[in-house]
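Q: The following block contains the structure, expressed as structure tokens.
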């Protein structure tokens, strides 16, 4: 039944063509003597259902790509189409509409400390009001179940471990079945086991829900999760590596098993 | 409960309330700040109202529906005079049942046991006058038929404690008034006002002996009672058409009370001082609430930026801050008004001031509290502009 809800939402976000198209994108911070160009003729295309890792040294422009593609920043030069929307002429309202169709995951989970886990995830559905999802509670439960956090639905973020918070943030990002997920270093604050688990979860969820993922990361431990790895340097793409991944089915089976194994080893958190 | 109310009214998660509730110490400080500001405003309004009320308290002794005064009227005792014949003209107006002349003057009373003096307002009335609303005065009027006899206000400020104590024992107590010795033959309770230390009631004949410059042909005020069932406003209007506006001003008792209060508000330091106090209270509350809301917005900037990144509008975030401001106003008002009731009671008991809480005052203060908090919220929302969704990455 939950899958049917996911499909219903996905249909509303359905669009043809790549999730992201960017061409000849240039971006400069500052002006005059202090001006610094962080993107130089940047080009990328991310297909629906594809998971792309964006890697490179600090300051090479990875995060700027995310903010531009995510309609969080105005485009200065070049072309970006996100989820079928040309961002060159998008006004504030149009950019907000694009953001609502994207799931964002941050290095710092940025959960509301005053809201429960369930309410935090509900905020990602509430943003679509006055449109109301058919079964918001079921959608939230399904998202929590997907990330293995259903038992913590009424807990506050302060009572969760770092890995658990990040899993809640993932549930928040995917609950409305967005067509695109933009993630910035989602494993940076996590240990190896939790980091791996988060990436596998993301991959698993993205494949099942048909979302494209563009993830900025420095974490070399998760490279095998990607369909494609894009390396950047000084605002330019310097290398693109397409990976041969296991089939979705076998990957999902392995990641779910791993996740269960890790949860079994993890100490139970008090609500 | 607040959760449910906001959810049903706004159809959204009560984020503002949750944020306030999450930081309990900050919430308590904010509510205490709003309550203190409210108490300050209530006390200023209460004391000002009580002081104004003292100016019209003497009028409340009489069963008058309409009062005729000189056009130069300010407050009782400072009202100039009008011709006595206006009483007889007014009695001829349809709807007027009875009337009486009232003489008013202020005199220095000296206690026999002290060299200190008290400024006392003296009312001169016909001993047969049936216009006092207080039985303790009406029952003693016959004592005033004796020359130089007075009824004296037992709540007169010191140094008349000994005089009152002797009069309470049933003795006629001599006091000196403007160089003339008169006897206190009875007591009543009225209370001091801003201008006078107390009050006394004399017969019209005794009054004219104490105030020889006053004329029997003139009156300080004329008190009229209307016929049962008559409309006081309509009767007053009919009297206005009969009496010349050049020497007589016609007001209902309530109009006169409002007039005196407005006069004092606009023309005395009391009005200015207490209005200034109300403004100070407002700005103290504003400053406290602004500090709290501003700190709260600052602390939640990353979360607000995240909401913007998720697609929430700036207007939504303004709504969250205003939700907090509204809740602080509503929740802070409750302890503010409760504490004010207690302080009114304590102040009234300690000063004999008639400090009361008219129904309109809580409405006024609640409106001021809402304005104070929403204004604070409006200023605090300027910080929301710093919540840039691009910064959360």
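The values are calculated or read from the model by the stated rules, or taken from the named source; none is laboratory data. This is a predicted model, so every value here is computed, not measured. FYI the Cβ positions are ideal-geometry reconstructions off the backbone, even for glycines, and counts take in every protein chain you see.
Q: Quick one: would you say residue A:81 is within 13 Å of chain B (Cβ to nearest Cβ), over 23 Å from residue A:195 (Cα atoms) and surrounded by 15 or more Cβ atoms within 10 Å (Cβ to Cβ)?
A: Values: within 13 Å of chain B (Cβ to nearest Cβ): no; over 23 Å from residue A:195 (Cα atoms): yes; surrounded by 15 or more Cβ atoms within 10 Å (Cβ to Cβ): yes.
Taking the combined requirement at face value, the residue does not satisfy it.
Q: Would you mind finding the one in B:202, B:167, B:162 that is closer than 24 Å to residue B:128 by Cα and out of contact with any helix residue (DSSP H, G or I) (no Cβ under 9 Å at 6 or more places or on another chain)? Quick ask: steps written out before the conclusion?
A: On the way: B:202 fails: out of contact with any helix residue (DSSP H, G or I) (no Cβ under 9 Å at 6 or more places or on another chain); B:162 fails: closer than 24 Å to residue B:128 by Cα.
Testing whether each residue is closer than 24 Å to residue B:128 by Cα and out of contact with any helix residue (DSSP H, G or I) (no Cβ under 9 Å at 6 or more places or on another chain) leaves just B:167.
Q: Among (1) modelled with pLDDT of 85 or more; (2) more than 10 Å from chain B (Cβ to nearest Cβ); (3) part of a loop (DSSP other than H, G, I, E, B), where does residue A:165 come up short?
A: Unmet condition: (3).
Q: Another question, if that's okay. Scan the range B:215-231 and give yes if some residue there is in contact with a helix residue (DSSP H, G or I) (Cβ under 7 Å, 6 or more places away or on another chain) and loosely packed, with under 14 Cβ neighbours inside 10 Å, otherwise no.
A: Yes, the range B:215-231 contains at least one residue that is in contact with a helix residue (DSSP H, G or I) (Cβ under 7 Å, 6 or more places away or on another chain) and loosely packed, with under 14 Cβ neighbours inside 10 Å.
Q: While we're looking at this one, here's another question. Looking at (1) surrounded by fewer than 15 Cβ atoms within 10 Å (Cβ to Cβ); (2) modelled with pLDDT of 90 or more; (3) within 14 Å of chain A (Cβ to nearest Cβ), find the lone condition where residue B:327 falls short.
A: (1)
Q: Would you point out the residue of the range B:376-393, among those that are surrounded by fewer than 17 Cβ atoms within 10 Å (Cβ to Cβ) and farther than 21 Å from residue A:100 by Cα, that is nearest to the other protein chains (Cβ to nearest Cβ)?
A: First pass over the range B:376-393, keeping only residues surrounded by fewer than 17 Cβ atoms within 10 Å (Cβ to Cβ): B:378-379, B:382, B:385-386, B:388, B:391.
Restricting the remaining residues to those that are farther than 21 Å from residue A:100 by Cα gives B:378-379, B:382.
Working: B:378: 21, B:379: 23, B:382: 18 Å.
Filtering first and then ranking leaves B:382.
Q: Let me ask something additional. Scanning for something closer than 30 Å to residue A:44 by Cβ and modelled with pLDDT of 90 or more, does the range A:129-141 turn up at least one residue? Outline the logic, then answer.
A: Narrowing the range A:129-141 to residues closer than 30 Å to residue A:44 by Cβ: none.
The answer is no; no qualifying residue exists.
Q: How about the range B:1-62: which helices (runs of 4 or more DSSP H) wholly inside it have at least 1 residues that are modelled with pLDDT of 80 or more?
A: Values: elements: B:2-10, B:15-22, B:24-60.
Counting at least 1 such residues, we get B:15-22, B:24-60.
Q: Within the range A:109-148, how many residues turn out to be within 7 Å of chain B (Cβ to nearest Cβ) and either free of Cβ contacts under 8 Å to residues at least 40 places away in the same chain or at negative phi (or both)?
A: Residues of the range A:109-148 that are within 7 Å of chain B (Cβ to nearest Cβ), as a first pass: A:110, A:112-115, A:119, A:122-124, A:126-127, A:129.
Right, trim to either free of Cβ contacts under 8 Å to residues at least 40 places away in the same chain or at negative phi (or both) and you get A:112-115, A:119, A:122-124, A:126-127, A:129.
The qualifying residues number 11.
The rows are residues; the columns are (1) part of a helix (DSSP H, G or I); (2) closer than 30 Å to residue B:84 by Cβ; (3) within 11 Å of another protein chain (Cβ to nearest Cβ).
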| position | (1), (2), (3) |
| --- | --- |
| B:247 | no, yes, no |
| B:271 | yes, no, no |
| B:293 | yes, no, no |
| B:312 | no, no, yes |
| B:321 | yes, no, no |
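Q: Could you tell me whether the range B:208-220 includes any residue that is within 30 Å of the chain's Cα centre (by Cα) and within 19 Å of residue B:68 (Cα to Cα)? So that I can check it myself, show each step before the final result.
A: The initial filter retains those residues of the range B:208-220 that are within 30 Å of the chain's Cα centre (by Cα), namely B:219-220.
From what is left, the residues that are within 19 Å of residue B:68 (Cα to Cα) are B:219-220.
Yes, the conditions are met somewhere in the range B:208-220.
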